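Visitor: Shown below is the structure under consideration.
The values are calculated or read from the model by the stated rules, or taken from the named source; none is laboratory data. As the structure is a prediction and not an experimental result, all values here were calculated from the model. No Cβ is skipped: glycine too gets one built from the backbone with ideal geometry, and neighbour counts run over all protein chains shown. Each accessible area value is taken on the protein alone, full model and side chains, heavy atoms only, with ligands, DNA and RNA left out. Shrake-Rupley method; radii C 1.70, N 1.55, O 1.52, S 1.80 Å.
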Amino acid sequence: MKITVVGAGAVGATTADNIIRRELAEEVVLLDIKEGVSEGKSLDMYQTAALLGFNTKPIGSTNDYEKTKGSDVVVITSGLPRKPGMTREELIGINAGIVKGVTENLLKYSPKAIVIVVSNPMDTMTYLALKESGIPKKRLIGMGGALDSARFKTYLALAMDVSPLDIHGMVIGGHGDTTMIPLTRLATYNGIPVSRFLSADQLEKVAADTMVGGATLTKLIGTSAWYAPGAATMMLVESIVRNQKRIVPCSVYLNGEYGQKDICMGVPVVLGRSGWEKIVNLRLSDAEKAAFEKSAEAVRSMNAALNL
Ligand SMILES: NC(=O)c1ccc[n+]([C@@H]2O[C@H](COP(=O)([O-])OP(=O)(O)OC[C@H]3O[C@@H](n4cnc5c(N)ncnc54)[C@H](O)[C@@H]3O)[C@@H](O)[C@H]2O)c1
Ligand SMILES: O=C(O)C[C@H](O)C(=O)O
């Protein structure tokens, strides 16, 4: 198994680090345009092997795609992160060009790879990667819902003062401050609805905090987050390479599912060795359906800005 991560910045390096620690491949290539950075970070990571005990080898590459040849899974994290006060959508101008070029290069050397898009605005970058590359839809996955769901579970666990491990819940819709849909109605504490433990006001606050989870961290840190994004991306890679068939909300191309066509946005999918294997059809309430439609409208208007 060979995995490539493009972008050796905060998210890319953290993703690669998590992947090698869990030995999800024999080789992990980390590629960046900045001279020496991916080589340096890869060597630094490999120097933890003797301390942490793993055998996966990280390989750095300064923009040399030959080294990525034959990758089974490729992850795209290259692109600008937002600064405090910005929306993810404001990154579209610069990141569209980066994602387009990187996708082309990756598929030239790894035409059969499963592609995971992380760069923001993620749903639109996933759509762009699909339209520009023509890659089969089941091999293209946008990472956002896994992270948003982890934040949702964390805020629920904090409000209930319990372990996040015992919380189950999903966030679907777009990966934007106003487009996410935390599915509070379906969230449980080991199978027991969370509404048995938290008031409607508390649940509303958890949902609101989840939606601005990325913005909150960006304001605190000065740039966007990387620990949970890197772990969430690794979790997608793990479900794919170990064929775990986990159900994870991911941004995938919809062709009528959830009432939407020709758009990539977050819905629960089963992730296995061939990519996303099927879309799980949740029975949404009328309010959730309306929120999904509103979210799709916003994602669609962002896609229109690509002028494809
Ligand atoms: N989808 C999500 O849930 C999620 C979560 C966190 C971050 N993000 C997004 O991921 C992206 C990266 O965030 P970050 O914090 O790692 O940023 P960063 O600035 O730390 O790293 C980005 C890296 O991309 C590299 N890069 C730029 N153009 C490139 C190219 N053409 N080829 C190869 N590498 C190139 C840069 O040199 C830099 O090292 C941002 O767009 C951010 O908004 C998405
Ligand atoms: O918030 C951001 O801009 C980065 C990422 O999408 C996140 O949710 O952490």
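Visitor: Please state which of the following conditions residue 177 fails to meet, knowing it meets all the rest: (1) surrounded by fewer than 23 Cβ atoms within 10 Å (Cβ to Cβ); (2) among the acidic types (Asp, Glu); (3) in a helix (DSSP H, G or I); (4) within 13 Å of ligand 1 (Cβ to nearest atom).
Guide: For residue 177, the exception is condition (3).
Visitor: Taking the condition within 13 Å of ligand 2 (Cβ to nearest atom) and surrounded by fewer than 16 Cβ atoms within 10 Å (Cβ to Cβ), does residue 90 pass? Outline the logic, then answer.
Guide: Details: within 13 Å of ligand 2 (Cβ to nearest atom): yes; surrounded by fewer than 16 Cβ atoms within 10 Å (Cβ to Cβ): yes.
Here the answer is yes, as residue 90 does meet what is asked.
Visitor: Testing residue 274 on (1) farther than 23 Å from residue 300 by Cβ; (2) surrounded by 15 or more Cβ atoms within 10 Å (Cβ to Cβ); (3) polar (S, T, N, Q), one condition comes back false. Which one is that?
Guide: For residue 274, the exception is condition (2).
Visitor: Could you look through the range 205-249, keep only residues that are open to solvent by less than 40 Å² (accessible area, probe 1.4 Å) and in contact with a Phe, Trp or Tyr (Cβ under 6 Å, 6 or more places away or on another chain), and pick out the one that is nearest to residue 275 (Cα to Cα)?
Guide: 210
Visitor: Also, I was wondering about something else. Sort out which residues of the range 190-204 are open to solvent by 30 Å² or more (accessible area, probe 1.4 Å) and either touching an Asp or Glu at 6+ places or on another chain (Cβ under 6 Å) or in a loop (DSSP other than H, G, I, E, B) (or both), and write them in order of number. It would help to see each step written out before you state the result.
Guide: Filtering the range 190-204 down to residues open to solvent by 30 Å² or more (accessible area, probe 1.4 Å) leaves 190-193, 195-197, 199-202, 204.
Residues satisfying the conditions are 190, 191, 197, 199.
Visitor: So which pairs qualify, if the first residue must be in the range 164-175 and under 17 Å from residue 290 (Cα atoms) and within 16 Å of ligand 2 (Cβ to nearest atom), the second must be among the acidic types (Asp, Glu) and assigned to a helix (DSSP H, G or I), the Cβ gap must be under 8 Å, and the two must be at least 6 apart or on different chains?
Guide: 171/148; 174/123; 175/123; 175/148
Visitor: Sticking with this structure for a sec: Taking the stated definitions as given, is residue 258 away from ligand 2 (no atom under 12 Å from the Cβ), of a type in the set (Ser, Thr, Tyr) and part of a helix (DSSP H, G or I)?
Guide: It is true that residue 258 is away from ligand 2 (no atom under 12 Å from the Cβ), of a type in the set (Ser, Thr, Tyr) and part of a helix (DSSP H, G or I).
Visitor: A further question on this structure: Which residues, counting only those in the range 84-116, are touching a residue at least 40 places away in the same chain (Cβ under 8 Å), touching a Leu at 6+ places or on another chain (Cβ under 7 Å) and under 16 Å from residue 303 (Cα atoms)?
Guide: 96
Visitor: So is residue 100 modelled with pLDDT of 95 or more, open to solvent by 30 Å² or more (accessible area, probe 1.4 Å) and within 13 Å of ligand 1 (Cβ to nearest atom) or not? Steps first, please.
Guide: Values: modelled with pLDDT of 95 or more: yes; open to solvent by 30 Å² or more (accessible area, probe 1.4 Å): yes; within 13 Å of ligand 1 (Cβ to nearest atom): yes.
Taking the combined requirement at face value, the residue satisfies it.
Visitor: What pairs come up if the first residue lies in the range 53-81 and is under 19 Å from residue 1 (Cα atoms), the second is among the aromatic types (Phe, Trp, Tyr) and more than 16 Å from ligand 2 (Cβ to nearest atom), and their beta carbons are under 7 Å apart, counting only those six or more places apart or on different chains?
Guide: Sorted first by the residue in the range 53-81, then by its partner, the pairs are 57/46; 58/46; 65/109; 66/109; 68/109; 69/109.
Visitor: Does residue 83 satisfy the criteria of being under 20 Å from the mean Cα position of the chain (by Cα) and loosely packed, with under 14 Cβ neighbours inside 10 Å?
Guide: Considered against the rule, which asks whether it is under 20 Å from the mean Cα position of the chain (by Cα) and loosely packed, with under 14 Cβ neighbours inside 10 Å, residue 83 comes out as yes.
Visitor: Inspect the range 122-145 for any residue being within 22 Å of residue 248 (Cα to Cα), within 15 Å of ligand 1 (Cβ to nearest atom), part of a loop (DSSP other than H, G, I, E, B) and touching a His at 6+ places or on another chain (Cβ under 6 Å) and give the result as yes or no.
Guide: Within the range 122-145, the first condition is being within 22 Å of residue 248 (Cα to Cα), and the residues that meet it are 122-130, 135-145.
Retained after the next criterion (residues that are within 15 Å of ligand 1 (Cβ to nearest atom)): 122-129, 140-145.
Imposing the further condition that a residue be part of a loop (DSSP other than H, G, I, E, B) reduces the set to 143-144.
From what is left, the residues that are touching a His at 6+ places or on another chain (Cβ under 6 Å) are 144.
Looking for residues that are within 22 Å of residue 248 (Cα to Cα), within 15 Å of ligand 1 (Cβ to nearest atom), part of a loop (DSSP other than H, G, I, E, B) and touching a His at 6+ places or on another chain (Cβ under 6 Å), one finds at least one in the range 122-145, hence yes.
Visitor: For the range 146-174, give me each residue that is assigned to a strand (DSSP E or B) and open to solvent by 40 Å² or more (accessible area, probe 1.4 Å).
Guide: If we filter the range 146-174 for residues that are assigned to a strand (DSSP E or B), which is where we start, we get 167-168, 171-173.
168, the sole residue that qualifies.
Visitor: Shifting gears a bit: Suppose we filter 42, 38, 61, 71 for residues that are surrounded by fewer than 23 Cβ atoms within 10 Å (Cβ to Cβ) and of a type in the set (Gly, Ala, Ser); which single one remains?
Guide: 61
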